[in-house]
Structure formats: structure tokens, C-alpha cells
Amino acid sequence: LRRWRCTAFTLLFVVFLLLLGFRIIDEPVFEWKPLKMTDNTEQRHSPIIFVGGVSRSGTTLMRVLLDVHPWIRCGPEGMVIKPVLDFRHSMPRFHMNWSRQAGIYPTLLDSAISKYIRYIVEEMGPPANILCYKRPEVLLYTEYLATLFPDSKFIIMLRDGRAVAVSNKRLVLIAHEMANVSFRSTGPTFARLKLTCRRNTTEKMHNVLNRWMLENINLTRACQNVGPKRCLIVRYELLILNPERELKLVTRFLDIPWDPVMLHHEELLRNRPSINPYEPSTSQVKEKINNEALARWFTDTDNDTKIFVKEAPQKCFLLKAFGYLNIGVPPDYSKLPRDLPDVSRFKPPKES
């Protein structure tokens with residue numbers, strides 16, 4: 001009898017533990033609540049100006065001109081924000097669904113990305129009334145950034161695609177010469193740059209022009225969708241020809257007072273840590289604004305460049321749509337129209 005009672009008590013105790021265990025498993029320890037993004041958190045920070053456009057279109061110059069304004073702090077170009085934006089927009093749907101099951105909803109991810117971007121921009125330099133971040137390709141995400149930062153504004157630089165392609169060629173050739181001096185024709189870096197130069201033919205420049213067309217259609221469409229109160233497209237050529245007029249339009253767009261100091265950026269750059277030696281345009285923006293680069297692409301005597309310049313109008317419809325083929329040969333950029341056509345009807349070309 002005593003053994004039977006002991007066995008029964010043991011069984012009851014085991015059943016009690018099992019029931020208690022199931023109860024612990026069934027009942028959540030805490031209740032998860034989705035994180036909600038509110039405008040209140042943004043109001044405690046300085047607004048951000050995002051500067052971008054196709055590479056070699058004057059983005060560094062615009063950033064430097066803004067940086068000397070007493071209300072604005074930009075700083076050198078950073079390389080750590082675009083990879084995060086690429087990651088966010090290239091994440092497979094399977095990963096997004098998996099993350100949802102783990103409690104990582106898109107709103108939570110977007111909130112984390114916005115805080116990451118703002119923290120990077122704020123900590124890049126001293127505080128200012130208005131912060132600025134420049135990276136050419138970042139504005140391919142203009143509409144997404146506009147939702148993350150409701151008080152942000154965007155400046156897109158636009159330049160003649162033929163000039164961009166030839167400038168890209170010259171940049172690669174300069175890098176080739178630097179590698180030749182630094183590495184004495186040895187080492188993987190030199191070999192890679194040398195290979196790039198060999199491929200830098202007329203076809204290579206057409207590939208750059210095709211990329212210019214693709215990205216500018218996307219940039220202009222995004223800018224037009226965001227609206228003129230938050231996004232401004234500045235023609236590089238008009239900025240060079242009449243900097244005071246164009247910069248006054250920029251300050252009016254940003255709703256900040258005009259300051260003539262923006263016309264003498266080269267004098268202030270000597271005392272500011274806003275120049276990055278790794279940026280390709282550093283040597284150029286140290287100089288006073290001049291129009292030497294406007295017609296450099298047209299006067300290039302290289303045979304590949306001559307062929308490219310001749311063929312470009314037939315292979316890039318956006319040159320005409322943006323007014324670059326209606327101002328003579330060589331082009332008189334002072335006749336460029338300020339307004340751009342509605343690009344929503346344009347079909348982006350295939351990537352080369």
C-alpha cells in the first residue's frame with residue numbers, strides 16, 4: 001500500500017509539472033508592440049540636404065559651395081550610407097517574410113535605417129542649423145529618403161552626358177598615370193587600372209552615356225514625384241556660367257539667406273576640413289569657379305572621343321530631350337532651358 005501511494009504521488013507530481021510547463025510555454029513572457037515612427041523624433045534634429053546626381057556632374061562642387069555657407073555643414077563625401085540603402089532595396093522577399101516572423105517589420109527596419117543615416121550625418125562634423133550629405137548615387141533613393149526624413153530637401157546636379165562620359169575617360173587615364181608612378185608598372189592595382197584604360201574606347205564612353213541616361217531618367221522622375229518644394233535640379237553648366245544667379249535660386253529653394261561668401265569658396269576651403277583627398281574632384285574644387293571644363297570634352301583631340309561625340313546624338317535620345325542638342329555646335333550652354341520635360345513617359349534604356 002505504501003508503495004502504491006508513493007507511485008500515485010509521483011505520477012500526480014509529474015502530471016502537475018507537465019501542466020505547469022505547458023502553461024509557461026503557452027503564455028508569452030511579454031507582449032511585442034510594433035515600433036511606430038513619429039514626426040516628434042525628427043523635430044529634435046537639424047534638417048538634412050541630400051546632394052547627388054550622376055558621377056562627374058558637379059556634385060562635389062555643389063557640396064563645397066553649400067559647405068561654406070554659415071548655416072550649413074556638409075563635410076567630405078561618406079561611403080557608408082549607400083550600401084545600407086542598397087541592402088534595404090535589394091533584400092529578397094523571402095528574407096523580408098522571414099524577418100516579419102522574427103518581429104522585424106518593414107517599419108522597424110526603416111526606422112533603424114533612418115536613425116543610422118542621421119547619426120552618421122550628425123557625427124561627421126560639428127553641429128549646424130542645416131546638415132548636408134553628398135554622395136552621387138544616393139539620390140537614386142530620393143523617394144525613399146523623402147519618407148524617412150520629412151523635413152529633408154534634395155539637390156540633383158545635371159550635366160551634359162557627353163561631358164560626363166569624356167570626363168570619366170580622363171579620370172581613368174589620370175588614375176592610370178598615378179598608378180604608373182606609384183607602382184612602377186607592377187602590382188595588382190596597376191594591372192587593374194591598365195586593363196580599364198585599354199577598354200576605355202568609344203564603346204566604353206557609350207556605355208557611360210547609356211548609364212547617364214538611365215540614372216538621369218530615374219533621378220528626374222523621383223525628383224518630379226517628390227515635388228519642387230523638396231527637390232531641385234541644378235544644371236552644372238548654368239551654375240558655372242552664372243554662379244551668383246544659380247546659387248541665389250538654391251538658397252531660395254532651401255529657405256536660407258543669401259551669403260556672398262558662396263562665391264569665394266576657394267578662399268575658405270583652406271581653413272576647413274571639408275576636402276577629402278580620395279575624392280576625384282578635390283583638385284578642381286580647390287580652384288575658383290571657371291568655365292574651362294565646359295568645352296573640354298568637345299575639344300578633346302583623341303580619336304575615340306571624336307567618334308563618340310559624333311555618334312552620341314543618335315544613341316542617346318535624352319540629350320535632345322534635355323536640350324543639349326538644340327544649342328549649337330560647339331554648344332552655347334547659356335541657351336539651355338531651365339525646365340525639364342516630364343520624364344514619366346520615358347522608357348529607361350537597358351543597362352549596358
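The values are calculated or read from the model by the stated rules, or taken from the named source; none is laboratory data. Just so we're clear, the structure is a prediction, and the values are computed from it rather than from any experiment. With ideal geometry, Cβ positions are generated from the backbone for all residues, glycine too; neighbour counts draw on all protein chains shown.
Right, Gly52: over 11 Å from Ala128 (Cβ atoms) and in a strand (DSSP E or B) or not? Taking the combined requirement at face value, the residue satisfies it. Phe322 fulfils the conditions (1) within 27 Å of Leu209 (Cα to Cα); (2) modelled with pLDDT under 85 except for a single criterion, (2).
Among the residues of region 90-106, those identified as part of a helix (DSSP H, G or I) and of a type in the set (Gly, Ala, Ser) are Ser90, Ser99.
Restricting Leu214, Leu173, Leu249, Leu239 to those that are in contact with a Pro (Cβ under 6 Å, 6 or more places away or on another chain) and either modelled with pLDDT of 95 or more or surrounded by fewer than 19 Cβ atoms within 10 Å (Cβ to Cβ) (or both) reduces the list to Leu214. Within region 263-319, the set of residues being under 24 Å from the mean Cα position of the chain (by Cα), assigned to a loop (DSSP other than H, G, I, E, B), within 19 Å of Met205 (Cα to Cα) and modelled with pLDDT of 85 or more comprises Leu294, Cys316.
Every residue, every condition in (1) over 30 Å from Ala165 (Cα atoms); (2) among the basic types (Lys, Arg); (3) touching a Gly at 6+ places or on another chain (Cβ under 9 Å); (4) at pLDDT below 60, yes or no:
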residue	(1), (2), (3), (4)
Glu27	yes, no, no, yes
Pro47	yes, no, no, no
Gly52	no, no, no, no
Phe87	no, no, no, no
Ile113	yes, no, no, no
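Remark: Ala102 matches the filter, which requires a residue to be hydrophobic (A, V, I, L, M, F, W, C) and free of Cβ contacts under 8 Å to residues at least 24 places away in the same chain. Taking the listed residues Val68, Val80, the one that is buried (at least 16 other Cβ atoms within 10 Å of the Cβ), of a type in the set (Val, Ile, Thr) and modelled with pLDDT of 90 or more is Val68, with no other qualifying. In region 294-307, the residues that are free of Cβ contacts under 8 Å to residues at least 40 places away in the same chain reach residues that are among the acidic types (Asp, Glu) and surrounded by 16 or more Cβ atoms within 10 Å (Cβ to Cβ) with C-beta atoms within less than 9 angstrom, at least six apart or across chains, in these pairs: Lys306/Asp300.
Conditions (1) at pLDDT below 95; (2) within 15 Å of the chain's Cα centre (by Cα); (3) over 18 Å from Leu65 (Cβ atoms), marked per residue:
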position	(1), (2), (3)
Pro106	yes, no, yes
Ile117	no, yes, yes
Ile130	no, no, no
Tyr144	no, yes, yes
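Against the test of being farther than 26 Å from Lys229 by Cβ and in a loop (DSSP other than H, G, I, E, B), the options Pro83, Pro76 yield a single qualifying residue, Pro76.
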